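Below you'll find the structure, written out as structure tokens, and then a few comments.
The values are calculated or read from the model by the stated rules, or taken from the named source; none is laboratory data. Everything numeric here is computed off the predicted structure, so don't read it as measured data. Cβ: placed from backbone, ideal geometry, glycine included. Neighbour counts: every protein chain shown.
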Amino acid sequence: MKLTVIGFGQCGGRIADEFARLNERANSRRGIEITPGAFAVNTDSADLSGLTSIKSDYRHRILIGLKKTGGHGVGKINELGAEIAREDSDKIIDAIRTTKHFFESDAFLLIASSGGGTGSGAIAIMTQMIKERYPDKPVYDLIVLPFEHEETTEERTTYNTALCLKSVNSVANAVILVDNQRYVKKDSSLKYNMSRINQLIAEPFYDILCAGEEKKQQHIGSKTLDAGDLIQTLVGWTVLGYGKSPLPIFELPLRNKSDFREKSTQTHKGIQAMDEAISELSVACRPSDAGRVAYLLSAPAKEMNMDLVKELGDYLRGLAPKATIRNGDYPHKRDAIAVHVILSELSYVEKVKDYYAQSVDLMPEFQKRREARADSLRDMEKVGEDIPSLL
Ligand SMILES: Nc1nc2c(ncn2[C@@H]2O[C@H](COP(=O)(O)OP(=O)(O)OP(=O)(O)O)[C@@H](O)[C@H]2O)c(=O)[nH]1
Ligand SMILES: [Mg+2]
């Protein structure tokens, strides 16, 4: 599958930059293209200059809202991010339209964090505009949820997140959720290492996108997970999972292995990888709430067999009994049996519900604070009523 990738704001731009790197890798190592265009859109010019792989011209690193922000961001006010995107949407659409291989792409992937201002505000507006302009291509929104400490220290983060999620969910074909906090829980050394988290967010897309674009016979699976399967799978709230079981790189040629033993070890390793993928979902949710599921098995060709594919399917069927399950195998990896899982059309995601509930509670509180500020200002002005003015 080929994606036109557009990142909004700091977080979105940096992850789009990761996708540009994945494309360079796919090009140089596998001779294939997975992102015909990668763009970053921001109200902050410094953030745009910090990128490394997205082309550095103004058509790929797109500065919006210069008059309103002076190139310094919108300071977490996502309503302003939305307003600026609406005003400058022409710039973005023109840049996409004039990209050389744009029409080869199967879909759009728009990326932003939900807690900031620019990306959180701009992504829903641009999803809507792109869908109107290109009704035949699905638009997927990848939304990065804030760290827990950001939610506790700044209520605006929670409110922005709720506003962003509600808005993207009403326009995007699918909303792929990724929780920053999940990466820190897994490995606390990642706490301040954003670029490593960004790599971990983008990396699972590599095999998923490459699998359907392979041209070399030895890397084409017996069942390919292609753009058609992915488009049929990606609907509504979506999460991703990835797990792998390492394989020994060098095997002793004279090892006395029975066929049966070998197969059962492979199946065991495959299930282990699948189990890891389900335990490490990009946002916690129940697989049984998914309406559509896809999995991709990627492993060395000699490690793949139909039993393994079937076992993995049976295992997933047990976890997601109501879902339509699509699958593919990708004989490419050398050192592991890896499993990618996409759970889509989720009917319930606790974290989304929590953001909505907290924001509904916050709204009257914000209103009360606004009124109290206005009252206090009025009182102060009143005391100084009789002082003459220099103006
Ligand atoms: N994973 C990841 N999260 C990031 C990154 N940069 C910022 N964030 C998260 O994104 C949220 C802040 O949003 P930003 O993307 O910085 O905001 P913005 O869209 O640039 O908007 P303004 O700066 O307010 O104009 C917080 O939750 C951060 O933790 C990044 O590079 N990677
Ligand atoms: Mg910013």
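From the list Val184, Val171, exactly one residue is in contact with a Lys or Arg (Cβ under 8 Å, 6 or more places away or on another chain) and over 30 Å from Ile130 (Cβ atoms). Which is it? Steps first, please.
Working: Val171 fails: over 30 Å from Ile130 (Cβ atoms).
The unique qualifying residue is Val184.
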From the option list Thr52, Thr43, single residue qualifying as of a type outside the set (A, V, I, L, M, F, W, C) and either more than 10 Å from ligand 1 (Cβ to nearest atom) or surrounded by fewer than 23 Cβ atoms within 10 Å (Cβ to Cβ) (or both) is Thr52
Just checking: which of the strands (runs of 3 or more DSSP E) contained wholly in the stretch 225-344 hold 2 or more residues that are farther than 22 Å from Arg182 by Cβ and either at pLDDT 95 or above or not charged (D, E, K, R) (or both)?
292-299, 324-331
Evaluate the stretch 89-100: report whether one residue or more is touching a strand residue (DSSP E or B) at 6+ places or on another chain (Cβ under 9 Å), more than 16 Å from ligand 1 (Cβ to nearest atom) and of a type in the set (Gly, Ala, Ser).
yes
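Okay, residues lined up against (1) under 18 Å from Ile6 (Cβ atoms); (2) out of contact with any Gly (no Cβ under 7 Å at 6 or more places or on another chain); (3) not in a strand (DSSP E or B):
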position: Glu33; (1), (2), (3): yes, yes, yes
position: Ala38; (1), (2), (3): yes, yes, no
position: Ala46; (1), (2), (3): no, yes, yes
position: Leu51; (1), (2), (3): yes, no, yes
position: Ile54; (1), (2), (3): yes, yes, yes
position: Asp57; (1), (2), (3): yes, yes, yes
position: Ile62; (1), (2), (3): yes, yes, no
position: Lys68; (1), (2), (3): no, yes, yes
position: Val74; (1), (2), (3): yes, no, yes
Which residue pairs have Cβ atoms under 7 Å apart, sit 6 or more places apart or on different chains, and have a first residue in the stretch 7-26 that is free of Cβ contacts under 8 Å to residues at least 60 places away in the same chain and polar (S, T, N, Q) and a second that is away from ligand 2 (no atom under 16 Å from the Cβ) and in a strand (DSSP E or B)?
Asn23/Ala38
Give the residues of the stretch 161-182 that are part of a helix (DSSP H, G or I), more than 16 Å from ligand 2 (Cβ to nearest atom) and closer than 18 Å to Tyr242 by Cβ, sorted by residue number.
Gln181, Arg182
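Please find, among Ile208, Ile143, Ile201, the residue that is at pLDDT 95 or above, in contact with a His (Cβ under 9 Å, 6 or more places away or on another chain), closer than 27 Å to Lys2 by Cβ and not in a loop (DSSP other than H, G, I, E, B).
Values: Ile143 fails: in contact with a His (Cβ under 9 Å, 6 or more places away or on another chain); Ile201 fails: in contact with a His (Cβ under 9 Å, 6 or more places away or on another chain).
Within the list Ile208, Ile143, Ile201, the selection yields Ile208.
Mind listing whichever residues of the stretch 70-81 are over 15 Å from Gln10 (Cα atoms) and touching a residue at least 12 places away in the same chain (Cβ under 8 Å)? Show your work before the answer.
Of all residues in the stretch 70-81, those over 15 Å from Gln10 (Cα atoms) come to 70, 79-80.
Scanning the stretch 70-81 gives Glu79, Leu80.
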Apart from one, (1) surrounded by 22 or more Cβ atoms within 10 Å (Cβ to Cβ); (2) within 16 Å of ligand 2 (Cβ to nearest atom) all hold for Glu154; the odd one out is (1)
Can you go through Arg59, Arg30, Arg14 and tell me which one is crowded, with 22+ Cβ neighbours inside 10 Å and either within 14 Å of ligand 2 (Cβ to nearest atom) or on the phi < 0 side of the Ramachandran plot (or both)?
Arg14
Name the residues in the stretch 34-53 that are near ligand 2 (Cβ under 10 Å from one of its atoms) and under 18 Å from the mean Cα position of the chain (by Cα), would you?
Asn42
Being surrounded by 13 or more Cβ atoms within 10 Å (Cβ to Cβ) and modelled with pLDDT under 95 is the filter here, so list the residues in the stretch 96-110 that pass it.
Ile96, Thr99, Phe102
